[in-house]
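First the structure, in the form of structure tokens, and then the observations on it.
Rule-based calculations on the coordinates, nothing more; no lab input. Because the structure is predicted, anything quoted here is derived from the model rather than measured. Neighbour counts are summed over all protein chains in view; Cβ atoms, including those assigned to glycine, are modelled from backbone coordinates with ideal geometry.
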Amino acid sequence: MVDEDGYFGESVAASYDESAAEMFEDGVVGPAVGVLAELAGDGRALELGVGTGRVALPLARRGVEVHGIDLSRAMVDRLRAKPGGDAVGVTIGDFATTRVDGTFRVAYLVFNTIMNLTSQDAQVDCFRNVAGHLEPGGRFVIEVGVPDLRRLPPGQSAVPFRVEEGRLGFDLYDVATQSMSSHHVRVTDGRATYSSIPFRYVWPAELDLMARLAGLRLRSRWDGWTREPFTSDSRQHVSVWEKPAG
Ligand SMILES: C[S@@+](CC[C@H](N)C(=O)[O-])C[C@H]1O[C@@H](n2cnc3c(N)ncnc32)[C@H](O)[C@@H]1O
């Protein structure tokens, strides 16, 4: 169901931390927070799509001043209810266009959330918005999957990403428009629930072009937060663009 909280309304927010439990593990969050804390240094950090604070809260515990933007009050309510939730400032709004006071040393958009912007224009706007928030020399970090089209034979549009007892997930691709959608079926006590969410998949080189349009330049691209090299076999990337100093 879509309401003013977008696709992250009350029912999704209530089960978000549990359904994304593997993303909350120390081995996943720790390296991300390590990279972001290093990039933030003694500056401020801006998280686009801050959600329930999976990354913002541990980053704030490292002593970084973190501000978040999110459309969903339901998600932000969960952040607020957690220990340290008051330490993270949040602005409710669309991160493609919402302005926050002040400038930031680092802005970040993780867990594929750039794809929640379902048009190229909105993704371009997001880069421009971030560039306007960065201090000279500041960095923008995105974590996102590489479009999984190599798993898509001609004539097929669905790619399963989860097939296990009680949980099924598949992505539907439209290669003509770069739109995709994820579909989730969960079976609990013999009853199935279904949800779906639309995305726009985006290529690494396309992100670099969006960055250039916003006056940013690629500094690093890794396979993940532990800074392994990005290769032709990489299924995801962590990319860092810089706003020129001066
Ligand atoms: C997959 S969750 C990620 C939350 C958090 N960053 C994390 O890593 O756990 C995506 C979040 O982005 C928010 N979101 C999606 N599109 C948005 C938009 N256009 N503007 C602001 N927030 C948005 C959702 O409400 C949700 O909280």
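What percent do you get for the relative contact order of region 149-197 when only Cα pairs under 8 Å and 6+ apart count?
Rounded, it is 24 percent for region 149-197.
Starting from the Cα coordinates of the chain, work out the convex hull volume and express it per residue in Å³. Display every interim value, and only then the final one.
On the way: hull volume 32.8 nm³, N = 246.
Looking at the chain, the number lands at 133 Å³ per residue.
Simple spin-label model, 7 Å along Cα-to-Cβ: Ala205 to Phe161 in nm?
2.3
Using a Förster distance of 22 angstrom, determine the FRET efficiency expected from the C-beta separation of Arg219 and Asp148, and round it to 0.05. Numbers along the way, then the final one.
Details: r = 26 Å, r/R0 = 1.17.
With a Förster radius of 22 Å, E is 0.30.
Sort the following peptides by mean Cβ neighbour count (other Cβ atoms within 10 Å, averaged over residues), highest first: 78-87, 122-131. Each step should come with its number before you reach the end.
Working: 78-87: 14.0, 122-131: 20.2.
Packing order, densest peptide first, comes out as 122-131, 78-87.
Would you mind telling me which residue in Thr226, Thr118, Thr103 has the biggest mean-square fluctuation in a Gaussian network model of the chain, where springs connect alpha carbons within a distance under 10 angstrom?
Thr226
Among Ser72, Ser195, rank each residue by its count of other Cβ atoms within 10 Å, from fewest to most, as a rough exposure measure. Don't skip to the answer; put the middle values down first.
Working: Ser72 24, Ser195 15.
Ranking Ser72, Ser195 by Cβ neighbours within 10 Å, fewest first, gives Ser195, Ser72.
Need the C-alpha centroid separation for region 53-96 versus region 157-187, integer Å.
Measuring centre to centre over Cα atoms gives 29 Å.
What are the radius of gyration and Dmax of region 149-197, computed over its Cα atoms and given in Å?
Reported Rg and Dmax, both Å: 12.4, 39.
Test of understanding: what is the full-extension gain from Arg61 to Ser19, defined as 0.36 nm times their sequence separation minus their Cα-Cα distance? Numbers along the way, then the final one.
Working: separation 42, 0.36 × 42 = 15.12 nm, distance 2.38 nm.
Full extension from Arg61 to Ser19 adds 12.7 nm.
What does the extension gain come out to for Ser179 and Ser119, with contour length at 0.36 nm per residue minus their alpha carbon separation? Could you put the intermediate results ahead of the total?
Details: separation 60, 0.36 × 60 = 21.60 nm, distance 0.82 nm.
Answer, rounded to one decimal: 20.8 nm.
What GluC sites (Glu not before Pro) does region 23-66 have in DSSP loop regions with at most 14 other beta carbons within 10 Å?
For GluC sites (Glu not before Pro) across region 23-66 that sit outside H, G, I, E and B with at most 14 neighbouring Cβ atoms in 10 Å, the list reads Glu25.
With runs of 4+ DSSP H residues as the only contributors, calculate the mean residue ellipticity of the chain at 222 nm using -39,500 (n - 2.57) per run, divided by the residue total and rounded to the nearest 500. Can you show the working numbers first?
Numbers: 6 runs with 64 residues, N = 246.
Dividing the helical sum by the residues of the chain leaves -8000 deg cm²/dmol.
What FRET efficiency comes out for Thr91 versus Asp233 if R0 is 51 angstrom and r is the Cβ-Cβ distance? Round to the nearest 0.05. Display every interim value, and only then the final one.
Details: r = 38 Å, r/R0 = 0.75.
Approximately 0.85, to the nearest 0.05.
Quick check on packing: order 54-60, 176-182 by the mean number of other C-beta atoms within 10 Å, highest mean leading.
Details: 54-60: 23.6, 176-182: 15.0.
So the peptides 54-60, 176-182, ranked by packing, come out 54-60, 176-182.
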